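Here is the structure we will look at, set down as structure tokens.
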Amino acid sequence: MKAKTFVLFLALIAALGFSFSASAEVGVTDTEIIIGSHQDLSGPIAGWGTQVKMGLEMRAKECNDAGGIHGRKIKLIIEDNAYDPKKAIMVTNKLISRDKVFAFVGNMGSPTAGATKPLISKKKIPQMFPLTAASLFFDPFDRYSFGGWVPYYDQMRCATKWFAENKGYTKFGIMYQDDEFGQIAKKGLEDQLAAMGLKVTAAESYKRGATDFSSQIAKLKKADVEVVCLGTVIRETVGALKEAKKLNWDVDMVGISPAYTTYVVGLCLKAGFSPDGFYATGQTPYIYPDSPYDSVREWCAKHKEMFGKDPDIPTSAGWAALDYFIKVAEKAGPDLTREKWIDTAEHFGVYKDTMFHGVDIEFTPKQHQGAYDAILSQVENNKFVQVADVSFRD
């Protein structure tokens, strides 16, 4: 009797042990993988946050409809950070403590995602593809944080090299926001010019929130620069283009990803002029329903069927971020843990963007930047058209 009881006891322990091992990782059950994200859904960049949310939801649905990841469906929980660092911290705590998320994907904004980064990493939770090109997500190195988007610095170096090599320009000017973002853009220009034995011809800054850029553009014109590099966001980009038009100054202007948006085109048209000729760098060719790529046209049609409207670049960013997570989780196998996901990501190799035809992404155990190169596009007939794949590393 005692022997039989002992055998039953061992069987019970074994069963409990199996149960614990099968559900030991936070955010992973036999049927689900819980993914968290915080987006601006009600604040100043809600136009971007709501689009990222749609991209995340679209990729999650596709994955779940196909059977999930080794039989587990993605449970996506998205909270509103309102582009407020304090609120971002509050919803992140909720996602960690109450929702028990396995990982964070695509958190929105430099100040908001930046505020929550230390909290997430301290809990040893993977966080990837924050919707910002700021370097703090990979520099200094952090095992639990993955960048994934081409940094502003690298984008400016890529653009600078292209204009020097393809147009023979030697006189570069810059108009930049007088903050960390603008300084990063300026440093990218300076460092690339130095690598080619050149210096910045003229540099003009403006305070964040400024609405008049007449003096900056006038001074850059007086310096006779051949190209104006812009460390600007949307409204400031439009302001620079408008001032050049007023001066009848036919000069090349190039922005980086914050200016790579149809919002710039729309605001220019609303102001009474076309931004044709304007260049900008980004991660992928621009997403249009009539894209030259079959995969993009089909994806846009699926998006419109699901949400009733055409997608934009932020939508594709959300989709691509979750796509990377899914591919790594599939390769990691059915016994999914956070540490195993990270190890797999660091040895995954090159992630090829077969959907949007963007730049290659690769992480290693020593670098989590991921992307270094960029796509250069130019506005033609009020649409961004790809000009070249650009790199400063060649």
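The values are calculated or read from the model by the stated rules, or taken from the named source; none is laboratory data. Just so it is clear, the structure is predicted and the values come from calculations on it, not from any experiment. All Cβ positions, glycine included, derive from the backbone under ideal geometry; neighbour counts span all protein chains shown.
What to note about this one:
- Considering residues of the range 79-119 that are touching a Leu at 6+ places or on another chain (Cβ under 9 Å) and over 30 Å from Gly255 (Cβ atoms) only, the residue surrounded by the fewest Cβ atoms within 10 Å (Cβ to Cβ): Asn93
- So Thr232, is it over 25 Å from Gln177 (Cβ atoms) and hydroxyl-bearing (Ser, Thr, Tyr): no
- Qualifying residue in the range 280-298 (condition: farther than 26 Å from Ala60 by Cα and crowded, with 22+ Cβ neighbours inside 10 Å): yes
- For the range 16-50, the set of residues classified as more than 21 Å from Asn93 (Cβ to Cβ), under 23 Å from the mean Cα position of the chain (by Cα) and either modelled with pLDDT of 95 or more or assigned to a loop (DSSP other than H, G, I, E, B) (or both) consists of Pro44, Ile45, Thr50, listed by residue number.
- When each of Lys304, Lys219, Lys309 is tested for being out of contact with any Asp or Glu (no Cβ under 9 Å at 6 or more places or on another chain), of a type outside the set (Phe, Trp, Tyr) and surrounded by fewer than 22 Cβ atoms within 10 Å (Cβ to Cβ), the lone residue that passes is Lys309.
- Flag if Asp191 is part of a helix (DSSP H, G or I) and surrounded by fewer than 24 Cβ atoms within 10 Å (Cβ to Cβ): yes
- Filter pass, Glu380 being acidic (Asp, Glu) and touching a Gly at 6+ places or on another chain (Cβ under 9 Å): yes
- Cβ pairs under 9 Å, 6+ apart, first in the range 203-219 and in the same structural domain as Asp250 (by TED's automatic domain parsing) and of a type in the set (Phe, Trp, Tyr), second surrounded by 11 or more Cβ atoms within 10 Å (Cβ to Cβ) and in a strand (DSSP E or B): Tyr206/Met175; Tyr206/Tyr176; Tyr206/Gln177; Phe213/Met175; Phe213/Glu204; Phe213/Tyr206
Matching residues to (1) surrounded by 22 or more Cβ atoms within 10 Å (Cβ to Cβ); (2) outside the structural domain of Gln51 (by TED's automatic domain parsing); (3) assigned to a helix (DSSP H, G or I):
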position: Gly197; (1), (2), (3): no, yes, no
position: Asp224; (1), (2), (3): no, yes, no
position: Met253; (1), (2), (3): yes, yes, no
position: Tyr263; (1), (2), (3): no, yes, yes
position: Cys300; (1), (2), (3): no, no, yes
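- The range 353-394, subset of a type in the set (Lys, Arg) and at pLDDT 95 or above, residue farthest from Phe163 (Cα to Cα): Lys366
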